[in-house]
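What follows draws every value from the coordinates through simple rules; no lab data is involved. What you see is a predicted model, and the numbers here were worked out from it, not measured in a lab. Please note: Cβ atoms are built from the backbone with ideal geometry, for glycine as well, and neighbour counts cover all protein chains shown.
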Amino acid sequence: MIKRISILSRKDGIDDATFDRRWLVEHAAIVRRVPGVAGYVQNRVASGPAGGTIDGIAELWFADAATMDRVLASSDWQAVVADAREFVAGVTSLAVEEHTVVAPAQTRH
């Protein structure tokens with residue numbers, strides 16, 4: 001399993017409510033339809049450094065690096081990117097191998 005973490009900031013002029021609707025609801029629905037995505041978690045930043053410009057952190061899981069590369073090159077993923085460009089100003093993405101030290105308790109949202 002490989003994970004891609006993306007740190008994102010919203011475009012100027014987009015308020016909290018609009019960003020939340022676009023990212024947490026509409027954008028999530030598009031990602032949900034992409035074949036090969038094994039998991040997707042959105043982390044909305046609740047607090048951070050004063051004047052911070054990070055609004056969210058997305059986590060995407062793939063079976064392996066080859067699957068991740070295939071998905072990210074697909075037309076389905078290009079639709080995800082095109083949608084994000086409408087409300088996201090900047091994205092920094094990293095592919096990482098997760099090493100769990102303490103597993104979180106399972107909760108329902």
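Report the extension gain between residue 103 and residue 12 in nm, rounded to one decimal, defined as 0.36 nm multiplied by the number of residues separating them, less their alpha carbon distance. Please report the intermediate quantities before stating the final value.
Details: separation 91, 0.36 × 91 = 32.76 nm, distance 3.63 nm.
Full-extension gain reported as 29.1 nm.
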Using the Karplus curve 6.51 cos²θ - 1.76 cosθ + 1.60 with θ = phi - 60°, what ³J(HN,Hα) values do you get for each residue of the range 38-48, in whole Hz, with x for Gly and Pro? 7, x, 8, 10, 9, 10, 7, 5, 8, 7, x
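Given 0.36 nm per residue, what is the gain on full extension from residue 66 to residue 53 after removing their alpha carbon distance, in nm?
Difference between extended and current length: 1.5 nm.
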Need one number: nm distance between label points at residue 30 and residue 94, each 7 Å from Cα along Cα→Cβ, rounded to one decimal. 2.5
Residues with amide H under 5 Å from that of residue 11, placed H, sequence gap 5 or more: 88, 89
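Hey, got a sec? Which GluC sites (Glu not before Pro) in the range 18-102 land in a DSSP loop and have at most 10 other Cβ atoms within 10 Å?
Details: sites: 26, 59, 86, 97, 98; in loops: 86, 97, 98.
Filter output for the range 18-102: 97, 98.
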